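These notes are about the structure you will find just below.
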Amino acid sequence: MICRVCDHPRLELAVDLGVQPWANDFIRPSEAGREPTYPLRVVRCVHCGTAQLDHTVAKETMFADHTYLSGMTQTLRDHFAAVARAVDQRFFADRPAKAMLDIGSNDGTQLRSYRDLGYDILGVEPARLPAELANQAGLTTRRAFFNAATAAEIGRKFEVINASGVFFHLEELHSVTAGITASLADDGVFVIQFLYMKRIVENDAFDQIYHEHLLYYNVRTLDRLLRRHGLALFDAELSPIHGGSIIGYATHAPRAQPSERLAALGRAEDAAGANTLAWYHAFQARMVARKAENLAFLQACRAAGRTVYGLGAPVKGNTLLNYFGIGPELIACLTERNPHRRGLVAPGSHIPVKLEDELTAPPDVYYVLAWNFKAEILARHQADRARGVEFYFPVNPREV
Ligand SMILES: [Zn+2]
């Protein structure tokens, strides 16, 4: 393959998570063992430093029936609304007529915030269910993959273009970015929110690596991609969303005056070596150590006859379970609230999902797959903890 960002032909193996099924695809028990698997490896471009998967699962396989709804969590709703208010205040507060385009607009959560601020809104979302929900709520959404051709069909310019949590999914990276350049008003602002790879590595959050995430950006590497298409970052800030994200602000390159905090983020990446191969190899070595630690704990539980349930069944939990090689013999079930997953098993590990109403008693140990919500989980489960249930965190993040 060639680099997804700069076309350079030399890519080095940075992180190897083995062969894994597509993580979001919870399956029926009768399908267990027949789910297709794909290599899950991060490679690093020797030229531009961008971390990326070397294997692409077709986007039609991954996104057509996506069940993730961004509007479902209050934290995300509040975050999106705050970003919209800040962007409007800072750049377009006294503009009488303004338009906003949201790429990968999901159920319209972000569109709604901008509509309430007086923007003419348009969402582009390939997944059927969220696009329908958005349109039913009056949040105009075109069901499509956004790319240069979609941008040409839309044929308008927007003061604000937003892409939250989608830039690492993009298979048609250059077509999408060219479409953004074409759709951005001359003084428009492209707001791009993405998981921060530097923070993923610092937190040992290797379970953020899965097939939907084709690209893993730092500020330095994202800017290289944007510049290839005539855009450039002029500001960026850290945000706690998803355990460590960046909110980047870009515009047409000739207008971009880098802020001091953007420059500081770039310098911090250089000082940490965050775009080097050695940085990723140290990350992999820590994952190998965690795997040994986790398996030793679970095997000791089994030997002592203690029951272990997984707490939550997030998509990223499947990367973790499959990389560690954990199956139903070590974790009896994954407890979950999403009713769409009733009766299913996790891909690869084949651990059954149980809804809370299917459980009669708590286990001896909860193995917390949503480990990045440690404080909230411990607070919510006070009663279980008082009864002696142990909460085991497979990864202990450094404080953000
Ligand atoms: Zn490259």
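Things to note:
- Test: Met72 is at pLDDT below 95, aliphatic (A, V, I, L, M) and open to solvent by 70 Å² or more (accessible area, probe 1.4 Å): yes
- Those residues of the range 227-243 which are surrounded by 23 or more Cβ atoms within 10 Å (Cβ to Cβ) and touching a residue at least 40 places away in the same chain (Cβ under 8 Å), in sequence order: Leu231
- Here is the figure for the range 224-261: residues that are hydrophobic (A, V, I, L, M, F, W, C) and part of a strand (DSSP E or B) total 9.
- Qualifying residue in the range 293-300 (condition: within 25 Å of Pro29 (Cα to Cα) and aromatic (Phe, Trp, Tyr)): no
- Unmet requirement for Gln208, which otherwise passes all of (1) of a type in the set (S, T, N, Q); (2) under 14 Å from the mean Cα position of the chain (by Cα); (3) surrounded by fewer than 17 Cβ atoms within 10 Å (Cβ to Cβ): (3)
- Residue match in the range 171-181 (condition: open to solvent by less than 40 Å² (accessible area, probe 1.4 Å) and part of a strand (DSSP E or B)): no
- Looking only at the range 38-54, and only at residues there that are in a loop (DSSP other than H, G, I, E, B) and open to solvent by less than 60 Å² (accessible area, probe 1.4 Å), the one that is farthest from the ligand (Cβ to nearest atom): Asp54
- Lone unmet requirement of (1) part of a helix (DSSP H, G or I); (2) farther than 27 Å from Val83 by Cα for Ala264: (2)
- Selection count, the range 1-37, where residues are without any contact (Cβ under 8 Å) to a residue 60 or more places away in the chain and either away from the ligand (no atom under 16 Å from the Cβ) or open to solvent by less than 20 Å² (accessible area, probe 1.4 Å) (or both): 6
- Subset of the range 152-163 (residues that are closer than 15 Å to Gly104 by Cβ and surrounded by fewer than 23 Cβ atoms within 10 Å (Cβ to Cβ)): Ile154
- Screening the range 312-400 for helices (runs of 4 or more DSSP H) wholly inside it with 1 or more residues that are free of Cβ contacts under 8 Å to residues at least 40 places away in the same chain and open to solvent by 40 Å² or more (accessible area, probe 1.4 Å) returns the ranges 374-380, 382-386.
- First in the range 253-274 and under 17 Å from Asn218 (Cβ atoms), second anywhere and part of a loop (DSSP other than H, G, I, E, B), Cβ under 7 Å, 6 or more apart: Glu269/Asn218; Glu269/Asn275; Ala274/Asn218
The values are calculated or read from the model by the stated rules, or taken from the named source; none is laboratory data. All values reported here derive from a predicted model rather than from experimental measurement. Positions of Cβ are generated from backbone atoms using ideal geometry, with glycine treated the same way; all protein chains shown enter the neighbour counts. The area values use the complete protein model at the heavy-atom level, side chains included, leaving out ligands, DNA and RNA. Shrake-Rupley method; radii C 1.70, N 1.55, O 1.52, S 1.80 Å.
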